[in-house]
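Read through the structure below, which is laid out as structure tokens, and then see the notes.
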Amino acid sequence: TAQKAVAQAAKKAASPFVDKPDEIHYVVVILNSSAVPMQTVKDEIANFNREFFSLEQFNMNSFFINKTDQMITISKFKNKSVAMNYYNIMIKNHVFATHLSAKDFVIYSMSASNYTTYYNMKDKRDMYPEFFNDNYLNDNK
């Protein structure tokens, strides 16, 4: 309906996140540090990279984004398509699928611009999951 379209447009306008498919991308894992130790997840990512992306050189960084949640950043990917290829292989891997189903953490692909926005605009972080779903998972372009 037209009313629904107007509501969606307003919501999109309120979001600070912008779809930039050609920009450098990162894959991020956001975890509750009380649910699973960060070092465990970093080790699992390193093992995953060795097994599935042995020819790639990824950097991995981690830090607290609030009192309980930590962000692990895997960088960097040439663009959205390359990052989503990594993301799709990662979420199907049994180790990460187990964590995802247990809701130990979430995994996103993020452009460099949106990564900066996500980090700096703490009050807007809750808008990223919907942006990700709309622009990365439901992207039929």
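Normalised per residue, the accessible area of the chain is 59 Å², obtained with a 1.4 Å probe and no contribution from ligands, DNA or RNA.
Helix-only arithmetic for the chain: the sum of -39500 (n - 2.57) across DSSP H runs with n ≥ 4, divided by the residue total, places the mean residue ellipticity at 222 nm at -13500 deg cm²/dmol.
Note on the chain: with neighbouring protein chains present and a 1.4 Å probe, carbon and sulfur make up 52 percent of its accessible heavy-atom surface.
Give the residues of segment 94-133 whose amide nitrogen is closer than 12 Å to a point set 7 Å from the Cα of Phe53 in the direction of its Cβ. Residues 108-110 qualify, since their backbone N sits under 12 Å from the label point. Among the trypsin sites (Lys or Arg not before Pro) in segment 75-123, those located in a DSSP loop and surrounded by at most 15 other Cβ atoms within 10 Å of their own Cβ are Lys78, Lys103.
A simple charge model with +1 on the Cβ of Lys and Arg, -1 on the Cβ of Asp and Glu and nothing else charged puts the dipole of the chain at about 280 debye relative to its Cα centre. For segment 19-72, the dipole from Cβ point charges (+1 on Lys and Arg, -1 on Asp and Glu) about the Cα centre works out to 240 debye, to the nearest 20. Cross-link pairs exceeding 26 Å between alpha carbons, from the set Lys67/Lys103; Lys42/Lys67; Lys78/Lys103; Lys92/Lys124; Lys80/Lys103; Lys92/Lys122: Lys78/Lys103; Lys92/Lys124; Lys92/Lys122. Here the spin labels are modelled as points 7 Å beyond Cα on the Cα-Cβ line, and at Asn61 and Ala35 they lie 2.4 nm apart.
The values are calculated or read from the model by the stated rules, or taken from the named source; none is laboratory data. Since we're looking at a predicted model, the values are computed, not measured. Every residue, glycine among them, receives a Cβ derived from its backbone with ideal geometry; neighbour counts consider all protein chains shown. Heads up: the accessible areas ignore ligands, DNA and RNA and are worked out on the full protein's heavy atoms, side chains in. Shrake-Rupley method; radii C 1.70, N 1.55, O 1.52, S 1.80 Å.
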